Amino acid sequence: MLLALSPSLIPPSSYLSTPPFILSSASKMTGCHRSLIVMAMLSSASLSLAFNQVSFSPICTIRDCSLKNLHGKKQRHREHIALPLPASVQSDDMVTQSSSFSPSHIPLSLQNRPSHVLSMEEIKPILNFKSKSSGKDKVLNVTGVHHLAVILFTMPFWVAAMKITQWLGDTIEGFDDNRAKFDFTGKVWCRVYLSMTNSYPILEGDVDRLKVGPNGKMSEGACLFVANHASFLDIAVLCTVLDPVFKFIAKDSLKKFPGVGTQLVGGKHVLIDRTNKRSQLKTFKQAINYLKDGIPIMAFPEGARSPDGRLMEFKGGIFSMAAKAKVPIVPLSIANTHAVMPSLGFLPVQSGQRGELRVYVHDPIDIEGKSEEEIAREVKEALLRELPADQHPLDYEAGLNDAEKKEMVQA
């Protein structure tokens with residue numbers, strides 16, 4: 001039955017060990033049957049949290065298999081190579097390479113990585129309208145309609161699972177103190193949603209760091225996860241790849257979004273009201289307490305979504321939380337969500353497989369004895385090394401001469 005969910009849920013190599021009668025049954029199932037099985041597994045996995053550890057569920061088992069051979073590609077755990085960057089993103093104490101910088105020094109992520117951003121002609125919108133909240137133009141195409149159908153069909157099961165786990169957590173003392181079980185319902189939904197829309201991300205880098213212990217927490221201790229923020233889809237992608245119990249630092253305004261808002265509030269995530277300094281201080285202390293209790297924090301140092309996918313300047317204060325709690329910082333490069341769900345898209349405009357959704361887990365950054373400015377530079381350099389060229393700041397390209405830019409295009 002598992003094969004009926006989605007081809008991206010189970011890698012091709014897994015078919016070899018699948019009994020023939022299951023393959024035969026899966027091939028005869030209709031789309032309706034597949035959807036019903038997905039929903040049954042979603043409800044079962046969420047409700048079973050009352051009797052099992054957070055890290056155990058059918059969905060988790062499927063994900064662990066798919067990470068080994070996702071879309072037919074082996075999970076890549078590459079050795080981190082410190083590659084020099086252009087002067088525009090180097091720290092002052094790094095060797096200036098403006099005169100000697102050559103295409104061979106360009107980070108590997110910029111080589112042979114064409115842009116996946118679609119033109120309006122390629123998007124082929126079937127609906128154009130203005131957003132009531134932002135007043136900006138939005139488009140919806142056939143891919144977006146598919147995503148909308150999956151969301152509308154699966155969200156009631158997610159909402160029901162959240163209500164049940166929240167009631168159990170409020171009723172049974174010690175059942176869900178840090179809301180790990182409650183948050184896991186959202187992780188299950190994100191994995192099902194991205195799988196059904198053929199948008200499951202590729203995970204690379206120091207993936208062993210994401211392993212969890214029997215209590216659902218990181219085996220290597222808490223850390224501050226930081227990532228670039230290029231799309232609203234980043235939240236679902238991060239919930240899919242991060243197995244450990246963690247808490248988002250998010251804008252207070254996200255509470256109004258269906259599903260996501262309920263998850264953030266019910267999961268006791270760190271919500272910031274940027275118009276209220278007292279609220280900012282309170283949330284700062286809340287985040288530090290989570291880190292000291294061994295629960296990782298997930299933050300976007302840019303403080304907002306990038307309108308064009310390019311990495312923006314960081315807001316102050318994020319990295320000081322790690323310094324106060326004495327935990328390392330683990331950068332996560334999220335590639336191509338801006339191409340899959342751009343700012344003009346009401347919903348995704350192409351599948352994640354076509355747009356090559358990808359998350360790279362970097363080695364941890366030790367913050368001891370470093371200023372916040374030094375930490376910010378290291379984080380920025382790490383993120384840029386694994387982002388495609390169209391997600392680099394424009395001043396990054398300004399650090400290259402015409403010959404180097406031409407070579408990048410040809411590559």
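The values are calculated or read from the model by the stated rules, or taken from the named source; none is laboratory data. The structure presented is a predicted model; accordingly, all values stated were derived computationally and were not measured. When we count neighbours, we look across all protein chains shown, and the Cβ atoms used for this are built from the backbone with ideal geometry, even at glycine. With ligands, DNA and RNA removed, areas are computed over all heavy atoms of the protein, side chains included. Shrake-Rupley method; radii C 1.70, N 1.55, O 1.52, S 1.80 Å.
A few notes on this one:
- Rounded to the nearest 10 Å², the accessible area of V142 at probe 1.4 Å: 100 Å²
- On the basis of the beta-carbon distance and an R0 of 22 Å, L148 and S253 show a calculated FRET efficiency of 0.50.
- Relative to the current alpha-carbon distance between S320 and A160, full extension at 0.36 nm per residue lengthens the span by 53.8 nm.
- When the solvent-accessible area of the stretch 291-349 is split by element, carbon and sulfur atoms take up 54 percent of it, the probe being 1.4 Å.
- In this structure, D395 and E373 have a Cβ-Cβ separation that, at R0 = 22 Å, corresponds to a calculated FRET efficiency of about 0.80.
- Isotropically averaged projected area of the stretch 222-350, using the convex hull of Cα atoms (one quarter of hull area), nm²: 7.7 nm²
- When only alpha carbons are used to place a centre, the stretch 190-204 and the stretch 133-168 end up 15 Å from one another.
- Accessible surface ranking that places the most exposed of H146, H116, H362 first, with a 1.4 angstrom probe: H146, H116, H362
- At the residue level, T275 shows approximately 130 square angstrom of accessible surface with a 1.4 angstrom probe and all protein chains present.
- These residues, F157, F175, go from largest to smallest accessible area, 1.4 Å probe, as F157, F175.
- Accessible surface comparison of R209, R305, R191, R310, probe 1.4 Å, protein chains only, largest first: the order is R305, R310, R209, R191.
- For I272, the residues whose amide H sits under 5 Å from its own are A250, K251, D252, ignoring neighbours fewer than 5 places away on the same chain, with H placed 1.01 Å from N.
- Taking all protein chains into account, the per residue accessible area for the stretch 235-289 stands at 48 Å² (1.4 Å probe).
- Using a probe of 1.4 Å, the accessible surface attributed to D308 totals some 80 Å² when neighbouring protein chains are kept in position.
- Between S279 and S133, the FRET efficiency estimated from the beta carbon spacing at R0 = 22 angstrom works out to 0.55.
- Computed from the alpha carbon positions, the gyration tensor of the stretch 141-195 leads to an equivalent ellipsoid with semi-axes of 29, 10, 6 Å, biggest first.
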